1. Helix-only mean residue ellipticity at 222 nm, the chain, DSSP H runs n ≥ 4 weighted -39,500 (n - 2.57), per residue, nearest 500. What is it?
2. Around Y181, which amide H atoms from residues at least 5 apart in sequence, or from another chain, sit under 5 Å from its own amide H, with H modelled in the peptide plane?
3. How high is the relative contact order of the chain, given as a whole-number percent (alpha carbon pairs under 8 Å, six or more residues apart)?
4. Work out how much length L70 to S263 would gain on full extension: take 0.36 nm times their residue separation and subtract the Cα-Cα distance, in nm to one decimal.
5. Which distance in nm do the two modelled labels at T175 and A89 give, with both placed 7 Å along the Cα-to-Cβ direction?
6. For a quick check, take a GNM of the chain with Cα springs below 10 Å and name the residue from S342, S309, S235 with the largest mean-square fluctuation.
7. So how strong a dipole does the chain carry about its Cα centre when Lys and Arg Cβ are +1 and Asp and Glu Cβ are -1, to the nearest 20 debye?
8. Quick one: grab Rg to one decimal and Dmax as a whole number for region 5-99, Cα atoms only, in Å.
Amino acid sequence: MRTQVVIVGAGPAGLLLSHLLAMSGIDSVVLETRSREYVERRIRAGVLEQPTVELLREVGLGERMDREGLPHEGISLRFDGADHRIDFAALTGRSITVYGQQEVVKDLIAARTAAGGDLRFEVTDVALHDLDSDAPRVTFRDADGVRQELRCDAVAGCDGFRGVSRGSIPAGVLTTYERSYPFAWLGILAETPPSHDELIYCYHEHGFALHSMRSPQVTRLYLQVPPDERIEDWSDARIWDELHVRLAADGFALTEGPLLEKSITPMRSFVVEPMRHGRLFLAGDAAHIVPPTGAKGMNLAIADVRHLSRALTAWLREGRTEPIDGYGQACLRRIWRAQHFSWWMTSMLHRFPDADAFQHQIQLSQLRYTATSPAAATSLAENYVGLPFD
Ligand code: RFL
Ligand code: PHB
């Protein structure tokens with residue numbers, strides 16, 4: 001079997017890459033270890049930057065997003081028990097859209113399936129070979145356990161942080177930049193209308209809390225917890241009690257509802273360079289991770305594959321190699337901007353276990369300045385709504 005591009009991973013990066021390549025007349029096969037139902041239900045990101053929204057519209061994926069997505073023109077920073085709104089529309093003329101990652105994934109799978117795209121779910125033993133040659137190969141077992149081999153011109157490693165692609169690059173080639181944080185996020189999805197019409201990022205002496213949403217009927221909430229916390233130690237009642245304490249503010253009442261999901265996510269900043277090795281190109285979480293406080297992970301994955309689809313098209317259709325040679329450099333500027341922003345939001349809004357009274361006052365001062373200075377608020381706003389792609 002042969003295709004032009006083998007794409008490993010059917011998350012937002014892999015699926016959108018396959019869609020963009022198809023628009024340029026380039027064949028691909030997408031290999032995914034999980035089932036279609038699993039990837040369509042996996043609860044992850046919720047916020048689309050304006051450049052992401054515009055790109056999805058431009059490539060014919062905006063119809064349901066425009067109907068069901070919730071446009072937001074600001075967020076609140078909550079500290080000292082009061083809200084301080086960051087008005088994105090007034091400060092930048094731009095906005096964000098709350099639309100779950102799993103909805104983007106469903107729209108992409110529907111579009112690829114309708115166009116006759118080749119998506120293989122439930123594959124196992126994916127292995128990449130001959131990446132240094134001009135005839136790379138990918139072997140795997142299909143959903144029936146039958147061994148298969150795909151020959152191709154290029155492999156796109158879109159298989160997330162724990163995929164096989166990054167590990168297929170020989171030791172010593174990659175430079176890794178990494179930070180871990182002394183806390184994790186406990187996230188819940190609750191069947192109850194949001195308690196406020198915008199996102200609330202809350203700094204409290206017990207730790208960070210976030211009020212977000214998925215729809216007018218479904219609320220998404222997060223609590224900062226210790227990094228080794230066990231989900232079994234958090235009964236639903238304990239989660240709600242802690243959310244009530246941290247999110248308390250004048251005139252705010254948190255509405256409870258049945259939990260649809262609860263999980264704990266570690267926090268990490270991570271970048272590898274280069275993003276290319278021979279005929280393998282890394283994109284999305286396979287190449288970089290941000291802590292979720294800036295809502296940047298999925299947006300970065302989408303920005304990467306926008307560049308990658310253009311670079312692969314120039315090469316495979318016109319024989320031009322400068323765009324693939326410059327792929328990593330083209331992405332890394334945006335990646336490091338998002339890394340800084342995500343680290344900064346995380347540092348400002350969380351309680352660090354070893355923090356003393358000085359550290360607490362420094363964080364409060366940063367929060368007050370960000371909330372009251374138009375210059376500081378604009379800096380948060382323009383990063384949050386998303387800087388232009390180029
Ligand atoms: P994904 O989504 O992890 O997809 C990778 C896919 O590859 C598959 N896979 C393999 N397939 C074949 N062979 C193998 N050997 C494979 N190994 C793995 C996996 O099953 C999976 O289907 O990576 P991608 O496409 O790069 O997308 C990245 C985003 O998923 C991620 O950055 C965001 O979810 C991060 N994130 C957020 N991003 C935002 O932009 N805004 C947010 O508001 C936001 N909030 C979040 C988040 C991530 C969170 N968690 C749970 C990590 C909130 C949370 C809690
Ligand atoms: C979410 O709705 O899941 C969400 C929103 C904002 C973030 C992270 C996650 O910063």
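1. Numbers: 12 runs with 141 residues, N = 390.
Value at 222 nm, helices only, nearest 500: -11000 deg cm²/dmol.
2. For Y181, whose amide H was placed from the backbone, the distant partners under 5 Å are M267.
3. Working: 777 pairs, mean separation 80.6, N = 390.
Relative contact order here is 21 percent.
4. Values: separation 193, 0.36 × 193 = 69.48 nm, distance 2.40 nm.
Length gained, L70 through S263: 67.1 nm.
5. Modelled inter-label distance: 4.4 nm.
6. S235
7. Numbers: 41 positive and 52 negative charges, 139 e Å.
Value, rounded to 20: 660 debye.
8. Reported Rg and Dmax, both Å: 17.1, 55.
None of the figures in this text is laboratory data; all of them are computed from the coordinates on show. All figures in this text were calculated on a predicted structure; none of them were measured in a lab. For neighbour counting, all protein chains shown are included, and Cβ atoms are generated from backbone atoms with ideal geometry for every residue, glycine included.
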